[in-house]
1. Every residue in segment B:157-195 that is away from every other protein chain (no Cβ under 11 Å) and either out of contact with any helix residue (DSSP H, G or I) (no Cβ under 9 Å at 6 or more places or on another chain) or surrounded by fewer than 23 Cβ atoms within 10 Å (Cβ to Cβ) (or both), please.
2. Tell me the residue from B:F260, B:F205 that is free of Cβ contacts under 8 Å to residues at least 24 places away in the same chain and more than 30 Å from A:Q84 (Cα to Cα), please.
3. Within segment A:111-138, how many residues are within 14 Å of chain B (Cβ to nearest Cβ), farther than 12 Å from A:K96 by Cβ and not in a helix (DSSP H, G or I)?
4. Considering (1) open to solvent by 10 Å² or more (accessible area, probe 1.4 Å); (2) assigned to a strand (DSSP E or B); (3) within 30 Å of A:I112 (Cβ to Cβ), say which one A:K96 fails and leave the rest.
5. Out of (1) facing chain B (nearest Cβ under 9 Å); (2) farther than 18 Å from A:P154 by Cα, what's the single condition that is false for A:F83?
6. Kindly indicate whether A:T301 is among the β-branched types (V, I, T), loosely packed, with under 12 Cβ neighbours inside 10 Å and without any contact (Cβ under 8 Å) to a residue 60 or more places away in the chain.
7. Looking at this structure, is A:P108 more than 13 Å from chain B (Cβ to nearest Cβ), open to solvent by 60 Å² or more (accessible area, probe 1.4 Å) and over 27 Å from B:I273 (Cβ atoms)?
8. Which ones in segment B:114-139 are closer than 16 Å to B:I231 by Cβ, polar (S, T, N, Q) and open to solvent by 30 Å² or more (accessible area, probe 1.4 Å)?
Amino acid sequence: MSISLDDVAKSYGRSDGKFALNGVTAEIPSGSLTAILGPSGSGKSTLLKVIAGLEQPDRGRVCIEGDDVTDLDARFRGIGFCFQQYAPFRHLTVEKNIAYGLKVRRRPRAEISKKVAEMLELVQLGDFAKRYPAQLSGGQRQRMALARALAIEPRVLLLDEPFGALDAQVRAELRTWVKNLHDQVPITTIMVTHDQSEAMEVASQLVVLRDGRIEQTGAPGELYDHPATPFVHEFLGPTTTVGGEVVRPHDLVLRRQPGPGHQGKVTGVVALGFEVRVEVALDDGSSCWVQLTAHEFAELTVTVGDAVAVSPR
Amino acid sequence: MGTSGATLLAGYLAAVVCIPIAAIFGHGFGLSFDTHGAGLELWRWSLHSDFAGFTSGLSVPGAWSAIRLSIVVSGIVAAINSVMGVAIAWVLTHDHFRGKALISSMIDLPFALPTIVAGVTFIYLYGADSPVKLDLTGKVLGLGVALTFVTLPFCVRAVQPVLEAMDLDAQDAARTLGASKLRTFWSIVVPSILPAVASAYALAFARALGEYGSISLIALVGTASTTTASIFLFTQSTNFAFDGFTSAAAVAIVLLGVCFVVFSVAGTVGWWINKRLRP
């Protein structure tokens, strides 16, 4: 189901007149996995809550598949929402958590247990059906929350910082898992994140948010290669400035002098395993850094103090 | 610290709590030591009890009816305030309005007020010369009004921190799953505050059971229908004509027993729920 946002604004009645959302207009295509990306305080969680109906916008409209749902209560929107801290029902077992939305809908008991079993299998929590949320790990709680949201067969799935509270390894696993899940169950999904690599890896479309406004929308590669604003450029990946121009440090070529481009001296070398960062003080007084692979660096063998030339690739 | 701290604590508890309670049991059950003239040779001591004294103490006219009245009125008052306590605590944690701080501090007023001051207030407001033309002297309703006043803060303050610490996202999650506000409250909020409500009930019940000051005037001493256990205790223990103190001690032991049961039930409810929430 496609989602369209038309000039959505929300201020939380702040005295400084600042908006959490300041006129957001966007189209989320049906069946896509879209990431809303932005620094903290950019309004991305608020946007998600407005779509879910948990926050009421001051102005603007929210439509799901062409239906205006702006004034529809959250409980009638048919949206699956996964909260940052998973919001488990702590007094209910895993299976009862998953069954909650179906019980509310007064589905027949046989249908509920069939659906719960199906969901438990989907999120690989079959062995944990009778456990309480407090007895699960972070990743398991996250998957339970997903199953609970998916059990009601939502039109749209919203994920608020889905990997934010997990440690690095579980995080990487779950990313891949969520991407695969979306391929299996292709519901329109929006996830909010402040982590650009996470967004680029998982999502098919990015919406970059800054101070309650959309900076740029598009496919990850498109945004990375053709950022519309310096903010998007810097937010999506590392940048450095050479001759007044903002470029990606891996888009620079480093040579020993004599060579084309900007002349300078190596001031530092940082080896990070597969990548090596070479810091260069340019003759014009500015400084930049160049990202090399370990192989490139091995061939070049520059050290601090060497005279070098930097040019765009 | 360590063991010396534990020793100090145990000694203090013994002096402040255990010895007085042991004393009332000793008196109620007519316990006495016989040293058989052997001085400090403890093995020669023997313990005598007089359960007949305990039962006869309870058979003093009015003893059982006073106990029954106290249990019933305290039970009802604690129930009303457990519900109202949740409602008030809910509003204080979820709503923002002018004068909230004032209302919040008003809830603590019955804590701070000497209970006899409350007693005087109630006899003025609901006495024979009531300015609101409502004479509750010698009426059970009068007891109820006074006890409701005294026990309210226990109920609000026992539940409020739990509501404040509660996961609001869980309630939002229930709503996105299709639950109405009422259903969210019953199925998500109530189970998580139940231990706190049970302990609020027990605290309010125990307080109401022993309350004397605030009801001492409105109950009109001598009126059988409003003689609570606490009033009965007071009249008995100041009655030196016959051995009233033994009967006072016997009633006191029954009250202690009732409180013990109520706290045990409340504690069990809390333990049973909490063990699942935080194993």
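1. B:R157, B:Q160, B:P161, B:V162, B:L163, B:E164, B:A165, B:L182, B:F185, B:W186, listed by residue number.
2. Unique residue meeting the criteria: B:F260.
3. Qualifying residue count for the region: 2.
4. A:K96 satisfies all of (1) open to solvent by 10 Å² or more (accessible area, probe 1.4 Å); (2) assigned to a strand (DSSP E or B); (3) within 30 Å of A:I112 (Cβ to Cβ) except (2).
5. A:F83 satisfies every listed condition except (2).
6. It is true that A:T301 is among the β-branched types (V, I, T), loosely packed, with under 12 Cβ neighbours inside 10 Å and without any contact (Cβ under 8 Å) to a residue 60 or more places away in the chain.
7. Here the answer is yes, as A:P108 does meet what is asked.
8. Hit for segment B:114-139 is B:T115, nothing else.
The values are calculated or read from the model by the stated rules, or taken from the named source; none is laboratory data. Since the structure is predicted, the reported quantities are computational estimates derived from the model, not experimental observations. Please note: Cβ atoms are built from the backbone with ideal geometry, for glycine as well, and neighbour counts cover all protein chains shown. Side chains are part of the model used for accessible areas, which takes the heavy atoms of the whole protein and leaves out ligands, DNA and RNA. Shrake-Rupley method; radii C 1.70, N 1.55, O 1.52, S 1.80 Å.
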